[in-house]
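Worksheet for the structure shown next.
The values are calculated or read from the model by the stated rules, or taken from the named source; none is laboratory data. Only a predicted model underlies this, so the values are computations on that prediction, with no experimental measurement involved. Every residue, glycine as well, gets a Cβ built from its backbone with ideal geometry; the counts of neighbours run over all protein chains shown. The accessibility values were calculated without ligands, DNA or RNA, using every heavy atom of the protein model including side chains. Shrake-Rupley method; radii C 1.70, N 1.55, O 1.52, S 1.80 Å.
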Amino acid sequence: MMSEKRVTFATKLGVIATAVGSAVGLGNIWRFPYETGQHGGAAFLLIYIGCILLLGIPVVLAEFIIGRGSHSNVSGAFRKLSPGTGWHYISYLGITAAVLIMSFYSVIAGWTMEYTYQALIDSFGSHTPEEFQQDFTAFTSSPLRPIFWTFLFLGINYVIINRGVQNGIEKYSNVMMPLLFLLLLVFCVRSITLPGAGAGLSYLFDPDFSKIDSSVVLGAMGQAFFSLSLGMGTLITYSSYFSSRTKLVRSATTIAAFDTLVAVLAGIIIFPAVFTFGISPSQGPELVFITLPHVFQQMPGAYIWSVLFFILLFLASLTSTISMCEISVAFFTEERKMSRKKASLLHISACAVLGVLCSLSFGVLSEATLFGRTVFGWCDFLSSNILLPLGGMLISIYVGWVLDKKVIRKEMTNNGELRTRLARILVFVLRYIAPTAIILIFLGGLGVF
Ligand code: PFF
């Protein structure tokens with residue numbers, strides 16, 4: 001169990017696969033296409049990639065430096081590196097974000113389980129576009145069925161975390177992630193040969209700059225942080241298990257590249273289909289669920305493709321939520337001396353309560369809104385667009401201004417073994433560029449200018 005004995009990852013692939021397991025999930029395949037669709041397409045993609053390069057990779061590195069530099073959970077890391085200061089309060093931000101995200105994420109993961117089931121009993125076969133939409137609405141708005149799946153998903157997380165067998169699960173990442181990737185490639189080929197492919201691809205890749213406004217930029221920044229699992233300490237926690245030979249820069253860029261590639265592939269699958277089947281790109285959270293079954297329907301061997309895809313999506317969600325649980329569990333076991341069982345129960349129960357409200361946001365609570373957002377909408381907006389970038393900003397400021405430069409140099413050069421000038425550039429970006437950009441995007445998003 002991770003909390004009892006600090007272990008390090010055995011292989012290079014293990015390091016990358018575990019972090020990729022956290023990064024790649026519903027954020028890439030469900031959230032990225034729907035956010036892109038709601039924010040006008042290619043212009044959003046462009047800003048998103050800008051955010052990954054300018055903010056994402058530097059903050060990933062900042063988290064790695066803190067994590068490996070301390071070999072500790074989020075709170076312990078700040079206490080160790082800067083004793084007697086208040087920086088460890090960042091861990092509360094991380095735990096709050098972890099609970100908020102996991103609550104709505106588990107609802108969507110529950111949907112993937114329902115769709116796995118539907119795929120298994122072969123119910124997608126002869127549906128028309130209208131029928132897919134109707135079935136989806138009937139399912140998500142019903143009070144019990146989605147909650148059942150949400151609870152089942154949370155229960156699976158509980159068992160895995162409680163038994164401390166996440167290492168076992170993460171081993172599957174080594175096989176699962178490449179398989180998911182291959183599957184996406186196959187679906188891409190199908191999608192770009194659909195009649196609406198031209199319109200779909202130009203929606204995704206041909207930017208209309210008039211679509212850019214401050215909410216598009218805030219959305220893209222939130223998506224970048226969400227997708228990289230950034231700003232809440234996941235990567236601090238994971239990198240605390242890195243070995244002294246793990247190359248941080250190479251790992252950070254590989255993870256970011258793979259994560260972005262998966263999101264773009266998802267876009268290449270979804271948008272041609274959206275335009276072919278007359279679905280609105282700005283449909284919202286249901287976009288992927290009503291679009292993908294159409295794509296499968298158009299493929300020989302539809303049954304096997306859809307079953308495989310939804311199982312892999314479910315597993316990809318699981319490796320992401322396990323990394324969210326690990327933040328709270330590492331904190332409560334190492335800092336509060338709770339048992340692993342109690343810590344995981346606490347985390348999962350909080351997510352279950354909020355998860356019910358998130359699930360009902362698509363049914364009986366759909367009218368219960370505050371400033372136009374449901375409980376689900378608030379959990380998503382608050383965590384992705386506010387808490388994660390805020391956490392990212394604090395982490396940048398911490399590494400850029402507060403952390404001893406010796407720690408940064410040591411981590412960036414693996415104790416002097418690697419030659420790199422990047423440490424200087426990184427500090428510059430973390431000091432000046434990342435915090436300023438995040439503040440400006442926040443102010444823009446809040447309508448200040
Ligand atoms: N990055 C995950 C995804 O894209 O699905 C979501 C996520 C996982 C966010 C872990 C935050 C986190 F700590």
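Taking D380, is it open to solvent by 40 Å² or more (accessible area, probe 1.4 Å) and acidic (D, E)? So D380 does not fit the description; no. Close Cβ contacts (under 7 Å, 6 or more residues apart or on different chains) running from residues in region 308-326 that are among the β-branched types (V, I, T) and assigned to a helix (DSSP H, G or I) to residues that are within 12 Å of the ligand (Cβ to nearest atom) and at pLDDT below 90 comprise T319/G21. Screening L365, L387, L403 for residues that are touching a residue at least 12 places away in the same chain (Cβ under 8 Å), open to solvent by 10 Å² or more (accessible area, probe 1.4 Å) and either out of contact with any strand residue (DSSP E or B) (no Cβ under 6 Å at 6 or more places or on another chain) or among the hydrophobic types (A, V, I, L, M, F, W, C) (or both) leaves exactly one candidate, L387.
Sub-9 Å Cβ pairs linking a first residue in region 419-430 that is in a loop (DSSP other than H, G, I, E, B) to a second residue that is polar (S, T, N, Q), at least 6 apart or interchain, are R419/T413; T420/T413, ordered by first then second residue.
Filtering region 368-377 to residues that are crowded, with 17+ Cβ neighbours inside 10 Å and either over 10 Å from S103 (Cβ atoms) or among the acidic types (D, E) (or both) leaves T374, G377. If you go through region 276-289 and keep only what is in contact with a Pro (Cβ under 8 Å, 6 or more places away or on another chain) and under 14 Å from G37 (Cα atoms), you end up with G278, I279, L287, V288. Among the residues making up region 303-355, those that are among the acidic types (D, E) and more than 16 Å from the ligand (Cβ to nearest atom) are E334, E335.
Summed over region 160-194, residues that are open to solvent by 10 Å² or more (accessible area, probe 1.4 Å), at pLDDT 75 or above, among the polar types (S, T, N, Q) and not in a loop (DSSP other than H, G, I, E, B) total 1.
The residue of region 335-362 that is modelled with the lowest pLDDT, among those that are in a helix (DSSP H, G or I) and open to solvent by 60 Å² or more (accessible area, probe 1.4 Å), is K341. Of all the listed residues (F296, F275), the sole one being open to solvent by 20 Å² or more (accessible area, probe 1.4 Å) and either in contact with a strand residue (DSSP E or B) (Cβ under 7 Å, 6 or more places away or on another chain) or in contact (Cβ under 8 Å) with a residue 24 or more places away in the chain (or both) is F275.
The residues listed here are S75, S103, S91, S82; of these, the one that is of a type in the set (G, A, S) and open to solvent by 10 Å² or more (accessible area, probe 1.4 Å) is S82.
Could you tell me whether L204 is over 26 Å from F314 (Cβ atoms), touching a Gly at 6+ places or on another chain (Cβ under 9 Å) and assigned to a helix (DSSP H, G or I)? Against the criterion (over 26 Å from F314 (Cβ atoms), touching a Gly at 6+ places or on another chain (Cβ under 9 Å) and assigned to a helix (DSSP H, G or I)), L204 does not qualify. Within the bounds of region 349-365, is there any residue that is over 27 Å from I161 (Cβ atoms) and among the β-branched types (V, I, T)? Yes: region 349-365 contains one or more residues that are over 27 Å from I161 (Cβ atoms) and among the β-branched types (V, I, T).
To keep it simple, each residue is scored yes or no on (1) among the charged types (D, E, K, R); (2) open to solvent by 10 Å² or more (accessible area, probe 1.4 Å); (3) within 16 Å of the ligand (Cβ to nearest atom).
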position	(1), (2), (3)
V24	no, no, yes
R31	yes, no, yes
Y34	no, yes, yes
Q38	no, yes, no
A43	no, no, no
L55	no, no, yes
V60	no, no, yes
I65	no, no, no
G69	no, yes, no
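Scoring S244 on the criteria (1) modelled with pLDDT under 95; (2) open to solvent by 20 Å² or more (accessible area, probe 1.4 Å); (3) in a helix (DSSP H, G or I); (4) of a type in the set (S, T, Y) leaves a single failure, condition (3). The set of residues in region 204-240 being touching a Lys or Arg at 6+ places or on another chain (Cβ under 7 Å) and open to solvent by less than 10 Å² (accessible area, probe 1.4 Å) consists of Q223, S239, S240. Here F258 meets each of (1) crowded, with 24+ Cβ neighbours inside 10 Å; (2) over 17 Å from R68 (Cα atoms) with one exception, condition (1).
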